């Protein structure tokens, strides 16, 4: 939990929380049709509106690798800049479980080609954060559908690992301590892409929701004091889409280093794919068992004697009054 006494107020640089009731906070859309990026009033994580993202196999609005429907925001991520970002994501109950990449947030470079410097994606039953400059997976957590996941990302943007760093919170728990890393490509700036971008081999319809995006200069400015709403069992899903079994959750404990074989070569996704540095998500699943512990209490013999004494006192008073 956060213990943050004395934090000074900073500056909120930008909001992409959809409280305008539309997509106007973003620079542009990459979508095949408007029904793929819908601003909706239910479900929401906060405020009145959220974004519903839908991707179907074949959705390719920019004629490139993969399938996608994404919003683009051309922000101010330049060499040496430092920001906090907070946003919330919910995966529909039938979100596909596939052994390939499905990006839901990425900071892309403004060059023509290649994998983004920093990305958040789903693979199988895991959510992951990846840095293209690092062959390991700095953070991974279990994919839970039908609930809101809150992310807070602290980044110093730099092409030098000695200058740049990342730090991450998930659902108000710090899951990645400050880690030195190259977070940009030399001579290029970064910008935000929000939505869903995935391998074109994925067949089931993918639906997820985004809400509450804030970019600021201090942690205090992105902290959310709004209680997380209880998930509605009736969270909308696309009719006719088969429900995918969520499977056995993967423990979201200490980030593991996966030195496995890269997922795919960069040539299969030349423009902005997750690239070949992402190892496969074939971790052995683990389960955490919890038992509810109940307790009963009674007054015992002393309580019984006290009760009999009280009844005798009441009887005596009644006799005196009569």
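Here are a few things to note about the model shown:
- When every residue of the stretch 134-145 is checked against the conditions, at least one turns out to be closer than 24 Å to residue 35 by Cβ and assigned to a loop (DSSP other than H, G, I, E, B).
- For the stretch 63-85, a tally of residues being closer than 30 Å to residue 156 by Cβ, at pLDDT below 95 and in a loop (DSSP other than H, G, I, E, B) returns 3.
- Residue check, residue 207 surrounded by 21 or more Cβ atoms within 10 Å (Cβ to Cβ), touching a strand residue (DSSP E or B) at 6+ places or on another chain (Cβ under 6 Å) and touching a residue at least 40 places away in the same chain (Cβ under 8 Å): yes
- Residues that are outside any loop (DSSP other than H, G, I, E, B), closer than 18 Å to residue 182 by Cβ and within 20 Å of the chain's Cα centre (by Cα), drawn from the stretch 104-127: 106, 107, 108, 118, 119, 120
- The set of residues in the stretch 180-190 that are closer than 27 Å to residue 99 by Cα and either touching a helix residue (DSSP H, G or I) at 6+ places or on another chain (Cβ under 8 Å) or surrounded by fewer than 19 Cβ atoms within 10 Å (Cβ to Cβ) (or both) is empty.
- The listed residue being in contact with a helix residue (DSSP H, G or I) (Cβ under 8 Å, 6 or more places away or on another chain) and surrounded by fewer than 22 Cβ atoms within 10 Å (Cβ to Cβ), out of 65, 97, 81: 65
- Restricting the stretch 3-13 to residues that are part of a loop (DSSP other than H, G, I, E, B) and at pLDDT 50 or above, the residue that is farthest from residue 193 (Cα to Cα): 10
- Selection status of residue 217, at pLDDT 50 or above, in contact with a strand residue (DSSP E or B) (Cβ under 8 Å, 6 or more places away or on another chain) and surrounded by fewer than 16 Cβ atoms within 10 Å (Cβ to Cβ): no
- Here residue 176 clears all of (1) closer than 21 Å to residue 218 by Cα; (2) buried (at least 21 other Cβ atoms within 10 Å of the Cβ) except the condition numbered (2).
- Residue in the stretch 175-183 that is under 15 Å from the mean Cα position of the chain (by Cα) and either without any contact (Cβ under 8 Å) to a residue 24 or more places away in the chain or not in a strand (DSSP E or B) (or both) present: no
The values are calculated or read from the model by the stated rules, or taken from the named source; none is laboratory data. Being a predicted model, the structure only gives us computed values, none of them experimental. Using ideal geometry, Cβ is built from the backbone for each residue, glycine included, and neighbour counts are taken over all protein chains shown.
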